[in-house]
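The values are calculated or read from the model by the stated rules, or taken from the named source; none is laboratory data. Small disclaimer: the values here were computed from a predicted structure and weren't measured. Ideal geometry is used to build each Cβ from the backbone, glycine not excepted, and the neighbour counts take in all protein chains shown.
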Amino acid sequence: MAKHNTKAVSKFNTSANTEVITNLAGGKGFAYPPELELALRCTSNFMEDNYYASNSQITTKIKELVHQIGEKDPVYVMKLAGWLRNEMNMRSVSIYLLALMAGHPAYKGKEKPWLISYGPYIMIRADEPAEALAAFNTAYPKEKVPQALYKAISERLNKLSAYEAIKYRGQSRNWSLKDVIRVVHPKPKTTGADYLFNWIVNDEATIDVAKEAGLTQLASYLSINQAANLDEVDMSSLDGVTWELLLSKFGNKPEVWKIASKVMPSMAYIRNLRNLIEKGDGLELDYDKIVNAGKGKRILPFRFLTAKQVIDNLGRDMSLQVKDAKKALEEAIELSVANVPNLGNVAILIDHSGSMTDKVSSKSDMDCSDVAKIFAAAAFKRADNAVIIEYNDQSNVVSGIEKDDRLFSIVDKMQKPCGGTSLPVAVDKAMNYINEIDMIYILTDEQSWMKDRWGYGSDAIGNILGKKGSLKVVNHNLASYGTSDLPQDKRILGIGGWSDQIFSVVDAWGKGNMVGTIQNWQPDIRDED
(Lines give C-alpha, C1' and ligand atoms only; values in the text may rest on other atoms or scores of the structure.)
Protein backbone atom coordinates (compact mmCIF):
# COMPACT_ATOMS: atom_id res chain seq x y z
CA MET A 1 0.00 0.00 0.00
CA ALA A 2 2.10 2.76 0.04
CA LYS A 3 5.20 4.11 1.62
CA HIS A 4 6.59 6.79 3.82
CA ASN A 5 8.71 7.76 6.62
CA THR A 6 8.89 10.49 9.18
CA LYS A 7 11.15 11.72 11.89
CA ALA A 8 10.53 14.10 14.68
CA VAL A 9 10.62 17.82 14.24
CA SER A 10 9.12 20.25 16.71
CA LYS A 11 6.60 21.64 14.26
CA PHE A 12 4.73 18.37 13.83
CA ASN A 13 5.99 15.74 16.22
CA THR A 14 5.10 17.09 19.63
CA SER A 15 2.57 15.74 22.07
CA ALA A 16 0.96 19.16 22.21
CA ASN A 17 -0.23 18.64 18.63
CA THR A 18 -1.77 15.24 19.38
CA GLU A 19 -5.56 15.10 19.54
CA VAL A 20 -7.01 12.00 21.19
CA ILE A 21 -9.90 10.60 19.15
CA THR A 22 -11.77 7.32 18.55
CA ASN A 23 -10.43 5.24 15.66
CA LEU A 24 -12.54 3.29 13.16
CA ALA A 25 -12.45 0.15 15.28
CA GLY A 26 -13.75 2.06 18.31
CA GLY A 27 -10.44 2.21 20.16
CA LYS A 28 -8.21 5.03 21.34
CA GLY A 29 -6.53 6.85 18.45
CA PHE A 30 -4.69 10.05 17.67
CA ALA A 31 -5.26 12.66 14.99
CA TYR A 32 -2.42 13.53 12.63
CA PRO A 33 -1.41 17.09 11.71
CA PRO A 34 -3.03 17.87 8.29
CA GLU A 35 0.20 17.68 6.26
CA LEU A 36 1.10 14.30 7.72
CA GLU A 37 -2.46 12.99 7.48
CA LEU A 38 -2.57 13.87 3.77
CA ALA A 39 0.79 12.19 3.16
CA LEU A 40 -0.19 9.02 5.02
CA ARG A 41 -3.60 8.80 3.39
CA CYS A 42 -1.99 9.15 -0.03
CA THR A 43 0.83 6.69 0.54
CA SER A 44 -1.58 3.89 1.35
CA ASN A 45 -4.26 4.80 -1.17
CA PHE A 46 -4.80 2.97 -4.46
CA MET A 47 -8.01 4.81 -5.36
CA GLU A 48 -10.20 1.90 -4.29
CA ASP A 49 -12.19 0.54 -1.34
CA ASN A 50 -10.32 -1.01 1.57
CA TYR A 51 -11.20 -2.77 4.81
CA TYR A 52 -12.46 0.14 6.89
CA ALA A 53 -13.37 2.79 4.32
CA SER A 54 -14.73 3.17 0.79
CA ASN A 55 -12.79 4.81 -2.02
CA SER A 56 -15.34 7.63 -2.03
CA GLN A 57 -14.75 8.34 1.66
CA ILE A 58 -10.97 8.26 1.20
CA THR A 59 -10.82 10.47 -1.89
CA THR A 60 -13.31 12.95 -0.42
CA LYS A 61 -11.10 13.36 2.63
CA ILE A 62 -7.99 13.72 0.43
CA LYS A 63 -9.74 16.44 -1.57
CA GLU A 64 -10.69 18.28 1.63
CA LEU A 65 -7.10 18.13 2.87
CA VAL A 66 -5.69 19.28 -0.48
CA HIS A 67 -8.03 22.28 -0.52
CA GLN A 68 -7.14 23.09 3.10
CA ILE A 69 -3.36 22.70 2.80
CA GLY A 70 -3.03 23.80 -0.82
CA GLU A 71 -4.61 27.19 -0.21
CA LYS A 72 -1.71 28.20 2.04
CA ASP A 73 1.05 25.94 0.74
CA PRO A 74 0.46 24.75 -2.85
CA VAL A 75 4.11 23.78 -3.26
CA TYR A 76 3.81 21.21 -0.44
CA VAL A 77 0.97 19.43 -2.24
CA MET A 78 2.86 19.51 -5.55
CA LYS A 79 5.99 18.16 -3.90
CA LEU A 80 3.91 15.45 -2.23
CA ALA A 81 2.53 14.44 -5.63
CA GLY A 82 6.02 14.45 -7.13
CA TRP A 83 7.46 12.50 -4.22
CA LEU A 84 4.68 9.92 -4.41
CA ARG A 85 5.21 9.43 -8.13
CA ASN A 86 9.01 9.50 -8.26
CA GLU A 87 10.04 8.02 -4.92
CA MET A 88 7.05 5.86 -4.03
CA ASN A 89 6.16 4.88 -7.62
CA MET A 90 2.47 5.65 -7.04
CA ARG A 91 0.55 6.70 -10.12
CA SER A 92 -3.15 7.23 -9.50
CA VAL A 93 -3.04 9.22 -6.29
CA SER A 94 -0.20 11.48 -7.51
CA ILE A 95 -2.15 12.30 -10.69
CA TYR A 96 -5.23 12.91 -8.55
CA LEU A 97 -3.32 15.45 -6.43
CA LEU A 98 -2.08 17.17 -9.59
CA ALA A 99 -5.65 17.42 -10.90
CA LEU A 100 -6.96 18.70 -7.56
CA MET A 101 -4.36 21.46 -7.45
CA ALA A 102 -5.00 22.37 -11.10
CA GLY A 103 -8.60 23.14 -10.20
CA HIS A 104 -8.06 24.41 -6.65
CA PRO A 105 -10.84 26.97 -6.05
CA ALA A 106 -8.46 29.41 -4.31
CA TYR A 107 -6.48 29.81 -7.56
CA LYS A 108 -9.28 29.95 -10.08
CA GLY A 109 -8.29 32.40 -12.80
CA LYS A 110 -4.87 32.92 -11.20
CA GLU A 111 -1.34 31.97 -12.20
CA LYS A 112 -0.15 28.57 -11.00
CA PRO A 113 3.63 28.53 -11.49
CA TRP A 114 4.03 25.59 -9.13
CA LEU A 115 1.77 23.49 -11.38
CA ILE A 116 3.95 24.19 -14.42
CA SER A 117 7.17 23.63 -12.47
CA TYR A 118 6.27 20.30 -10.88
CA GLY A 119 3.56 18.93 -13.19
CA PRO A 120 5.88 17.51 -15.88
CA TYR A 121 7.76 15.53 -13.22
CA ILE A 122 4.56 14.06 -11.82
CA MET A 123 3.37 12.81 -15.22
CA ILE A 124 6.23 10.36 -15.67
CA ARG A 125 4.58 7.87 -18.01
CA ALA A 126 3.47 9.07 -21.41
CA ASP A 127 -0.14 8.07 -20.75
CA GLU A 128 -0.32 10.19 -17.60
CA PRO A 129 -1.10 13.53 -19.27
CA ALA A 130 -4.27 11.79 -20.46
CA GLU A 131 -4.85 10.50 -16.94
CA ALA A 132 -4.42 14.02 -15.58
CA LEU A 133 -7.07 15.45 -17.91
CA ALA A 134 -9.46 12.61 -17.07
CA ALA A 135 -8.81 13.10 -13.33
CA PHE A 136 -9.46 16.84 -13.63
CA ASN A 137 -12.79 16.25 -15.39
CA THR A 138 -13.75 13.78 -12.64
CA ALA A 139 -12.75 16.09 -9.79
CA TYR A 140 -14.22 19.25 -11.37
CA PRO A 141 -16.82 18.11 -13.92
CA LYS A 142 -18.22 21.60 -14.48
CA GLU A 143 -14.89 23.42 -14.71
CA LYS A 144 -12.82 24.34 -17.75
CA VAL A 145 -9.32 22.87 -17.82
CA PRO A 146 -6.95 25.69 -16.77
CA GLN A 147 -4.15 26.82 -19.07
CA ALA A 148 -1.58 26.00 -16.39
CA LEU A 149 -2.40 22.31 -16.69
CA TYR A 150 -2.16 22.53 -20.48
CA LYS A 151 1.26 24.18 -20.11
CA ALA A 152 2.47 21.49 -17.72
CA ILE A 153 1.27 18.79 -20.13
CA SER A 154 2.92 20.57 -23.06
CA GLU A 155 6.23 20.55 -21.19
CA ARG A 156 5.85 16.83 -20.53
CA LEU A 157 4.97 16.05 -24.14
CA ASN A 158 8.13 17.77 -25.31
CA LYS A 159 10.09 15.21 -23.29
CA LEU A 160 8.32 12.37 -25.10
CA SER A 161 10.70 9.66 -26.33
CA ALA A 162 10.15 7.56 -29.42
CA TYR A 163 9.75 4.49 -27.22
CA GLU A 164 7.04 6.20 -25.17
CA ALA A 165 5.22 7.30 -28.29
CA ILE A 166 5.33 3.74 -29.63
CA LYS A 167 4.17 2.19 -26.36
CA TYR A 168 1.33 4.59 -25.54
CA ARG A 169 0.17 5.97 -28.89
CA GLY A 170 -2.50 3.35 -29.38
CA GLN A 171 -3.76 3.23 -25.81
CA SER A 172 -7.09 4.91 -25.32
CA ARG A 173 -9.48 5.28 -22.41
CA ASN A 174 -11.35 8.53 -21.94
CA TRP A 175 -8.38 10.35 -23.43
CA SER A 176 -5.83 8.95 -25.86
CA LEU A 177 -2.37 10.41 -26.46
CA LYS A 178 -3.69 11.63 -29.79
CA ASP A 179 -6.60 13.39 -28.02
CA VAL A 180 -4.18 15.06 -25.61
CA ILE A 181 -2.02 16.49 -28.39
CA ARG A 182 -5.04 17.71 -30.32
CA VAL A 183 -6.46 19.49 -27.28
CA VAL A 184 -3.27 20.84 -25.74
CA HIS A 185 -1.56 21.86 -29.03
CA PRO A 186 1.98 21.54 -27.63
CA LYS A 187 4.56 23.63 -29.45
CA PRO A 188 7.40 21.26 -30.38
CA LYS A 189 10.83 22.34 -29.18
CA THR A 190 12.83 19.92 -31.33
CA THR A 191 12.61 18.34 -34.77
CA GLY A 192 12.13 14.96 -33.12
CA ALA A 193 9.19 16.20 -31.03
CA ASP A 194 7.60 17.80 -34.11
CA TYR A 195 7.89 14.53 -35.98
CA LEU A 196 6.51 12.46 -33.10
CA PHE A 197 3.51 14.75 -32.61
CA ASN A 198 2.70 14.53 -36.31
CA TRP A 199 3.03 10.75 -36.31
CA ILE A 200 0.83 10.31 -33.24
CA VAL A 201 -1.94 12.55 -34.57
CA ASN A 202 -1.78 11.96 -38.33
CA ASP A 203 -0.05 8.57 -38.58
CA GLU A 204 2.40 10.04 -41.08
CA ALA A 205 5.87 8.52 -40.86
CA THR A 206 8.48 6.80 -43.00
CA ILE A 207 11.49 4.79 -41.94
CA ASP A 208 13.99 7.05 -43.69
CA VAL A 209 12.56 10.30 -42.33
CA ALA A 210 12.40 8.82 -38.81
CA LYS A 211 16.09 8.01 -39.07
CA GLU A 212 16.84 11.53 -40.29
CA ALA A 213 15.01 12.92 -37.26
CA GLY A 214 17.22 10.81 -35.03
CA LEU A 215 14.33 8.54 -34.01
CA THR A 216 16.01 5.18 -34.54
CA GLN A 217 13.59 3.37 -32.23
CA LEU A 218 10.66 4.65 -34.27
CA ALA A 219 12.39 3.58 -37.48
CA SER A 220 12.83 0.09 -36.05
CA TYR A 221 9.21 0.02 -34.93
CA LEU A 222 7.96 1.05 -38.37
CA SER A 223 10.05 -1.67 -39.97
CA ILE A 224 8.57 -4.32 -37.68
CA ASN A 225 5.07 -2.95 -38.09
CA GLN A 226 5.32 -3.17 -41.87
CA ALA A 227 6.34 -6.83 -41.77
CA ALA A 228 3.62 -9.10 -43.10
CA ASN A 229 4.68 -12.00 -40.91
CA LEU A 230 7.22 -12.94 -38.30
CA ASP A 231 9.68 -14.27 -40.89
CA GLU A 232 10.16 -10.74 -42.25
CA VAL A 233 11.24 -9.34 -38.88
CA ASP A 234 14.89 -8.32 -38.70
CA MET A 235 15.96 -9.95 -35.44
CA SER A 236 19.10 -7.82 -35.33
CA SER A 237 17.05 -4.63 -35.03
CA LEU A 238 14.50 -4.90 -32.22
CA ASP A 239 15.38 -1.58 -30.62
CA GLY A 240 12.23 0.27 -29.66
CA VAL A 241 10.00 -2.74 -30.24
CA THR A 242 7.79 -3.69 -27.32
CA TRP A 243 6.81 -7.22 -26.47
CA GLU A 244 3.17 -6.09 -26.47
CA LEU A 245 3.51 -4.99 -30.11
CA LEU A 246 4.89 -8.35 -31.19
CA LEU A 247 2.04 -10.24 -29.54
CA SER A 248 -0.68 -7.92 -30.80
CA LYS A 249 0.64 -7.95 -34.38
CA PHE A 250 1.74 -11.55 -34.82
CA GLY A 251 -0.55 -13.33 -32.39
CA ASN A 252 -0.39 -15.31 -29.16
CA LYS A 253 1.86 -18.02 -30.61
CA PRO A 254 4.84 -19.91 -29.18
CA GLU A 255 7.25 -18.48 -31.75
CA VAL A 256 6.04 -14.95 -30.95
CA TRP A 257 6.47 -15.44 -27.21
CA LYS A 258 10.03 -16.59 -27.83
CA ILE A 259 10.90 -13.34 -29.61
CA ALA A 260 8.84 -11.20 -27.22
CA SER A 261 10.79 -12.67 -24.30
CA LYS A 262 13.99 -11.22 -25.75
CA VAL A 263 12.75 -7.61 -25.49
CA MET A 264 10.94 -7.93 -22.15
CA PRO A 265 12.46 -6.00 -19.23
CA SER A 266 13.29 -8.20 -16.25
CA MET A 267 10.21 -7.42 -14.17
CA ALA A 268 7.88 -7.84 -17.18
CA TYR A 269 9.60 -11.15 -17.83
CA ILE A 270 8.89 -12.27 -14.27
CA ARG A 271 5.25 -11.16 -14.47
CA ASN A 272 4.91 -13.25 -17.64
CA LEU A 273 6.55 -16.43 -16.36
CA ARG A 274 3.29 -18.38 -16.54
CA ASN A 275 2.76 -17.37 -20.18
CA LEU A 276 6.38 -18.09 -21.09
CA ILE A 277 6.13 -21.56 -19.58
CA GLU A 278 2.64 -22.44 -20.82
CA LYS A 279 2.72 -20.73 -24.23
CA GLY A 280 6.42 -20.73 -25.05
CA ASP A 281 6.35 -24.35 -26.29
CA GLY A 282 9.54 -25.46 -24.59
CA LEU A 283 11.08 -21.98 -24.50
CA GLU A 284 14.34 -22.06 -22.57
CA LEU A 285 13.88 -19.58 -19.76
CA ASP A 286 16.40 -16.78 -19.38
CA TYR A 287 17.73 -17.71 -15.96
CA ASP A 288 20.00 -14.67 -15.76
CA LYS A 289 17.18 -12.23 -16.61
CA ILE A 290 15.12 -13.55 -13.71
CA VAL A 291 18.02 -13.44 -11.28
CA ASN A 292 19.13 -9.98 -12.40
CA ALA A 293 15.74 -8.57 -11.43
CA GLY A 294 16.79 -9.12 -7.83
CA LYS A 295 19.76 -6.81 -8.37
CA GLY A 296 17.56 -3.91 -9.39
CA LYS A 297 18.01 -0.71 -7.44
CA ARG A 298 15.64 -0.64 -4.44
CA ILE A 299 13.69 -3.71 -5.63
CA LEU A 300 12.42 -5.38 -2.47
CA PRO A 301 11.53 -9.08 -1.97
CA PHE A 302 7.76 -8.64 -1.94
CA ARG A 303 7.89 -7.75 -5.66
CA PHE A 304 8.51 -11.42 -6.35
CA LEU A 305 5.69 -12.82 -4.24
CA THR A 306 3.06 -13.08 -6.99
CA ALA A 307 5.52 -14.75 -9.36
CA LYS A 308 6.48 -17.23 -6.67
CA GLN A 309 2.84 -18.05 -6.01
CA VAL A 310 2.31 -18.65 -9.74
CA ILE A 311 5.33 -20.92 -9.99
CA ASP A 312 4.32 -22.81 -6.85
CA ASN A 313 0.91 -23.46 -8.43
CA LEU A 314 2.56 -24.67 -11.63
CA GLY A 315 4.81 -26.96 -9.65
CA ARG A 316 2.44 -29.90 -9.77
CA ASP A 317 4.26 -31.48 -12.70
CA MET A 318 7.63 -29.98 -11.67
CA SER A 319 8.77 -29.66 -15.27
CA LEU A 320 12.35 -28.59 -15.90
CA GLN A 321 11.09 -25.09 -16.77
CA VAL A 322 9.18 -24.80 -13.52
CA LYS A 323 12.16 -26.03 -11.52
CA ASP A 324 14.47 -23.56 -13.26
CA ALA A 325 12.02 -20.69 -12.77
CA LYS A 326 11.58 -21.51 -9.09
CA LYS A 327 15.32 -21.75 -8.53
CA ALA A 328 15.97 -18.46 -10.36
CA LEU A 329 13.18 -16.68 -8.46
CA GLU A 330 14.52 -17.87 -5.13
CA GLU A 331 17.98 -16.59 -6.08
CA ALA A 332 16.51 -13.24 -7.18
CA ILE A 333 14.55 -12.96 -3.95
CA GLU A 334 17.65 -13.57 -1.85
CA LEU A 335 19.60 -11.00 -3.85
CA SER A 336 16.85 -8.43 -3.31
CA VAL A 337 17.18 -8.80 0.45
CA ALA A 338 20.41 -6.81 0.09
CA ASN A 339 18.24 -3.76 -0.72
CA VAL A 340 16.78 -3.86 2.80
CA PRO A 341 18.73 -1.70 5.28
CA ASN A 342 20.14 -3.11 8.48
CA LEU A 343 17.78 -1.99 11.25
CA GLY A 344 20.29 -2.90 13.95
CA ASN A 345 18.84 -4.49 17.07
CA VAL A 346 15.11 -4.65 16.46
CA ALA A 347 11.87 -6.25 17.62
CA ILE A 348 9.52 -6.61 14.64
CA LEU A 349 5.85 -6.66 15.64
CA ILE A 350 3.46 -8.07 13.01
CA ASP A 351 -0.27 -7.49 13.24
CA HIS A 352 -2.00 -10.65 12.02
CA SER A 353 -5.56 -9.71 12.96
CA GLY A 354 -8.42 -10.48 10.59
CA SER A 355 -8.39 -7.13 8.81
CA MET A 356 -4.83 -7.79 7.58
CA THR A 357 -6.36 -10.11 4.97
CA ASP A 358 -7.46 -7.02 3.04
CA LYS A 359 -5.72 -6.77 -0.33
CA VAL A 360 -3.14 -4.04 -0.70
CA SER A 361 -4.77 -3.28 -4.06
CA SER A 362 -7.55 -4.72 -6.21
CA LYS A 363 -4.91 -5.45 -8.86
CA SER A 364 -2.71 -7.39 -6.46
CA ASP A 365 -2.88 -10.91 -5.10
CA MET A 366 -1.02 -9.73 -2.01
CA ASP A 367 -2.79 -8.79 1.17
CA CYS A 368 -1.47 -6.65 4.01
CA SER A 369 -0.40 -9.76 5.86
CA ASP A 370 1.70 -10.95 2.90
CA VAL A 371 3.52 -7.63 2.74
CA ALA A 372 4.05 -7.51 6.51
CA LYS A 373 5.49 -11.02 6.60
CA ILE A 374 7.93 -10.43 3.75
CA PHE A 375 9.05 -7.11 5.22
CA ALA A 376 9.55 -8.79 8.59
CA ALA A 377 11.48 -11.74 7.16
CA ALA A 378 13.76 -9.49 5.10
CA ALA A 379 14.39 -7.14 8.02
CA PHE A 380 15.10 -10.15 10.26
CA LYS A 381 17.71 -11.45 7.84
CA ARG A 382 19.45 -8.09 7.52
CA ALA A 383 19.37 -6.90 11.14
CA ASP A 384 22.25 -7.32 13.58
CA ASN A 385 19.83 -8.93 16.02
CA ALA A 386 16.10 -9.35 15.57
CA VAL A 387 13.03 -11.01 17.01
CA ILE A 388 9.67 -11.31 15.24
CA ILE A 389 6.55 -11.07 17.40
CA GLU A 390 3.11 -11.75 15.92
CA TYR A 391 -0.04 -10.46 17.52
CA ASN A 392 -3.83 -10.35 17.22
CA ASP A 393 -5.67 -10.66 20.53
CA GLN A 394 -2.68 -12.73 21.72
CA SER A 395 1.00 -12.68 20.84
CA ASN A 396 3.80 -15.12 20.16
CA VAL A 397 7.45 -15.07 19.15
CA VAL A 398 8.19 -16.66 15.76
CA SER A 399 10.62 -19.43 16.61
CA GLY A 400 12.80 -21.87 14.70
CA ILE A 401 14.19 -19.28 12.28
CA GLU A 402 17.78 -18.28 11.52
CA LYS A 403 19.30 -15.35 9.62
CA ASP A 404 20.74 -17.60 6.91
CA ASP A 405 17.36 -19.26 6.23
CA ARG A 406 15.80 -18.61 2.84
CA LEU A 407 13.36 -15.70 3.06
CA PHE A 408 10.21 -17.65 2.28
CA SER A 409 11.09 -20.42 4.69
CA ILE A 410 10.92 -17.71 7.37
CA VAL A 411 7.61 -16.44 5.99
CA ASP A 412 6.19 -19.97 6.11
CA LYS A 413 6.75 -20.08 9.88
CA MET A 414 4.38 -17.16 10.44
CA GLN A 415 0.68 -17.49 11.22
CA LYS A 416 -2.37 -16.69 9.12
CA PRO A 417 -4.40 -13.59 10.06
CA CYS A 418 -7.37 -13.96 12.41
CA GLY A 419 -8.86 -12.40 15.51
CA GLY A 420 -8.76 -8.89 16.93
CA THR A 421 -6.02 -6.29 17.27
CA SER A 422 -4.19 -5.87 20.57
CA LEU A 423 -0.92 -3.99 20.20
CA PRO A 424 -0.36 -4.05 24.01
CA VAL A 425 0.11 -7.83 24.13
CA ALA A 426 2.88 -7.57 21.52
CA VAL A 427 4.57 -4.69 23.33
CA ASP A 428 4.38 -6.69 26.53
CA LYS A 429 6.20 -9.55 24.78
CA ALA A 430 8.80 -7.11 23.41
CA MET A 431 9.47 -5.99 26.98
CA ASN A 432 11.27 -9.32 27.48
CA TYR A 433 13.86 -8.18 24.92
CA ILE A 434 14.24 -4.56 26.03
CA ASN A 435 17.91 -4.93 26.91
CA GLU A 436 18.65 -6.41 23.47
CA ILE A 437 16.79 -3.99 21.19
CA ASP A 438 17.14 -0.37 20.12
CA MET A 439 14.05 -0.24 17.90
CA ILE A 440 10.52 -1.60 17.76
CA TYR A 441 9.20 -1.88 14.19
CA ILE A 442 5.41 -2.34 13.97
CA LEU A 443 3.74 -3.60 10.77
CA THR A 444 -0.02 -3.09 11.00
CA ASP A 445 -3.20 -1.62 9.56
CA GLU A 446 -3.69 -0.09 13.04
CA GLN A 447 -7.22 0.32 14.45
CA SER A 448 -6.05 -1.42 17.61
CA TRP A 449 -8.92 -1.38 20.10
CA MET A 450 -8.05 -3.90 22.83
CA LYS A 451 -6.62 -3.07 26.23
CA ASP A 452 -4.10 -5.04 28.24
CA ARG A 453 -2.46 -4.40 31.59
CA TRP A 454 -0.82 -1.23 30.21
CA GLY A 455 -4.06 0.04 28.66
CA TYR A 456 -4.29 0.79 24.93
CA GLY A 457 -1.40 0.41 22.47
CA SER A 458 -0.32 4.02 22.98
CA ASP A 459 -0.11 3.47 26.73
CA ALA A 460 1.94 0.30 26.26
CA ILE A 461 4.35 2.05 23.85
CA GLY A 462 4.66 4.98 26.26
CA ASN A 463 5.52 2.56 29.04
CA ILE A 464 8.25 0.72 27.13
CA LEU A 465 9.76 3.98 25.85
CA GLY A 466 9.92 5.10 29.45
CA LYS A 467 11.91 2.01 30.36
CA LYS A 468 14.73 2.76 27.88
CA GLY A 469 15.62 6.27 26.81
CA SER A 470 17.43 5.19 23.62
CA LEU A 471 14.57 3.05 22.31
CA LYS A 472 12.73 4.20 19.15
CA VAL A 473 9.53 3.03 17.48
CA VAL A 474 8.65 2.77 13.79
CA ASN A 475 4.88 2.55 13.33
CA HIS A 476 4.39 1.27 9.77
CA ASN A 477 0.74 1.58 8.76
CA LEU A 478 -0.06 -0.54 5.69
CA ALA A 479 -3.57 0.90 5.29
CA SER A 480 -3.82 4.41 6.69
CA TYR A 481 -7.30 5.65 7.58
CA GLY A 482 -6.21 9.03 8.85
CA THR A 483 -5.68 8.07 12.49
CA SER A 484 -2.78 6.58 14.40
CA ASP A 485 -2.68 4.16 17.31
CA LEU A 486 0.29 6.16 18.60
CA PRO A 487 0.77 9.86 19.40
CA GLN A 488 3.20 12.12 17.55
CA ASP A 489 6.50 11.99 19.35
CA LYS A 490 10.15 12.57 18.47
CA ARG A 491 10.95 8.91 19.24
CA ILE A 492 8.08 7.52 17.13
CA LEU A 493 8.37 7.39 13.36
CA GLY A 494 4.96 7.16 11.65
CA ILE A 495 5.00 5.88 8.07
CA GLY A 496 2.31 4.55 5.74
CA GLY A 497 1.89 2.29 2.75
CA TRP A 498 4.30 -0.04 1.03
CA SER A 499 6.74 0.16 -1.87
CA ASP A 500 10.28 -0.57 -2.95
CA GLN A 501 11.29 2.71 -1.33
CA ILE A 502 9.76 2.33 2.11
CA PHE A 503 12.91 1.11 3.82
CA SER A 504 14.83 3.98 2.28
CA VAL A 505 12.58 6.32 4.21
CA VAL A 506 13.16 4.37 7.42
CA ASP A 507 16.89 4.34 6.72
CA ALA A 508 16.83 8.12 6.38
CA TRP A 509 15.21 8.57 9.76
CA GLY A 510 17.22 11.15 11.60
CA LYS A 511 17.41 13.49 8.63
CA GLY A 512 13.84 14.73 8.95
CA ASN A 513 10.27 13.47 9.30
CA MET A 514 7.95 12.41 6.49
CA VAL A 515 6.66 15.95 6.08
CA GLY A 516 10.22 17.26 6.09
CA THR A 517 11.26 14.66 3.52
CA ILE A 518 8.45 15.83 1.25
CA GLN A 519 9.22 19.49 1.78
CA ASN A 520 12.83 18.88 0.79
CA TRP A 521 12.01 16.86 -2.33
CA GLN A 522 13.06 18.21 -5.71
CA PRO A 523 12.58 16.68 -9.18
CA ASP A 524 15.59 15.10 -10.85
CA ILE A 525 16.04 17.74 -13.53
CA ARG A 526 18.52 16.78 -16.25
CA ASP A 527 19.79 18.89 -19.11
CA GLU A 528 18.10 18.16 -22.41
CA ASP A 529 20.19 16.27 -24.97
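For region 82-97, a residue qualifies if it is within 15 Å of Met514 (Cβ to Cβ) and assigned to a loop (DSSP other than H, G, I, E, B), and the qualifying residues are Glu87, Met88, Met90.
Going by what's in this entry, would Leu100 be described as in contact with a Gly (Cβ under 9 Å, 6 or more places away or on another chain) and either part of a loop (DSSP other than H, G, I, E, B) or crowded, with 18+ Cβ neighbours inside 10 Å (or both)? So Leu100 passes the test.
Limited to region 226-237, what total is found for residues that are outside any loop (DSSP other than H, G, I, E, B) and surrounded by 14 or more Cβ atoms within 10 Å (Cβ to Cβ)? Can you show your working first?
First, pick out the residues of region 226-237 that are outside any loop (DSSP other than H, G, I, E, B): 230-232.
Filter once more, so that each one left must be surrounded by 14 or more Cβ atoms within 10 Å (Cβ to Cβ): 230.
So the answer is 1.
Just checking, does region 170-181 include any residue being aliphatic (A, V, I, L, M) and farther than 29 Å from Ile224 by Cα? Walk me through it before giving the result.
At the first step, the residues of region 170-181 found to be aliphatic (A, V, I, L, M) are 177, 180-181.
Among the residues that remain, those that are also farther than 29 Å from Ile224 by Cα are: none.
No: region 170-181 contains no residue that is aliphatic (A, V, I, L, M) and farther than 29 Å from Ile224 by Cα.
Hey, does region 240-256 have a residue that's polar (S, T, N, Q), assigned to a loop (DSSP other than H, G, I, E, B) and either within 32 Å of the chain's Cα centre (by Cα) or assigned by TED's automatic domain parsing to the domain that holds Arg274 (or both)? Yes.
Within region 325-345, residues that are within 23 Å of Leu283 (Cβ to Cβ) and at pLDDT 85 or above sit with their Cβ atoms under 6 Å from residues that are part of a loop (DSSP other than H, G, I, E, B) and not charged (D, E, K, R), at 6+ positions apart or across chains, in these pairs: Ala325/Leu285; Ala332/Gly294. Scanning region 116-163 for residues that are assigned to a loop (DSSP other than H, G, I, E, B), touching a residue at least 40 places away in the same chain (Cβ under 8 Å) and aliphatic (A, V, I, L, M) yields Ala126, Val145. Got at least one residue in region 296-315 being in a helix (DSSP H, G or I), farther than 30 Å from Cys418 by Cβ and out of contact with any strand residue (DSSP E or B) (no Cβ under 6 Å at 6 or more places or on another chain)? Looking for residues that are in a helix (DSSP H, G or I), farther than 30 Å from Cys418 by Cβ and out of contact with any strand residue (DSSP E or B) (no Cβ under 6 Å at 6 or more places or on another chain), one finds none in region 296-315, hence no. It is to be established whether one or more residues within region 238-246 are of a type outside the set (Ser, Thr, Tyr), under 30 Å from Ile333 (Cα atoms), surrounded by fewer than 18 Cβ atoms within 10 Å (Cβ to Cβ) and at pLDDT below 90. For region 238-246, residues of a type outside the set (Ser, Thr, Tyr), under 30 Å from Ile333 (Cα atoms), surrounded by fewer than 18 Cβ atoms within 10 Å (Cβ to Cβ) and at pLDDT below 90: present. The number of residues in region 414-445 being within 13 Å of Ser369 (Cα to Cα) and either among the charged types (D, E, K, R) or part of a strand (DSSP E or B) (or both) comes to 5. Of all residues in region 258-287, those satisfying the criterion of being closer than 17 Å to Gln321 by Cα and not in a helix (DSSP H, G or I) are Asn272, Gly280, Asp281, Gly282, Leu283, Glu284, Leu285, Asp286. Residue count for region 455-500 under the criterion of being at pLDDT 85 or above and part of a loop (DSSP other than H, G, I, E, B): the result is 4.
Might you let me know whether region 408-422 holds any residue that is small (Gly, Ala, Ser), at positive phi and free of Cβ contacts under 8 Å to residues at least 24 places away in the same chain? No, because not a single residue in region 408-422 is small (Gly, Ala, Ser), at positive phi and free of Cβ contacts under 8 Å to residues at least 24 places away in the same chain.
Among the residues of region 195-218, what is the count of those that are part of a helix (DSSP H, G or I), within 15 Å of Arg169 (Cα to Cα) and either hydroxyl-bearing (Ser, Thr, Tyr) or touching a residue at least 12 places away in the same chain (Cβ under 8 Å) (or both)?
Just the residues of region 195-218 that are part of a helix (DSSP H, G or I), to begin with: 195-202, 207-212, 216-218.
From the residues that got through so far, the ones that are within 15 Å of Arg169 (Cα to Cα) too are 195-202, 217-218.
Those still in the list that are either hydroxyl-bearing (Ser, Thr, Tyr) or touching a residue at least 12 places away in the same chain (Cβ under 8 Å) (or both) too: 195-197, 199-201, 217-218.
Looking only at that region, the number is 8.
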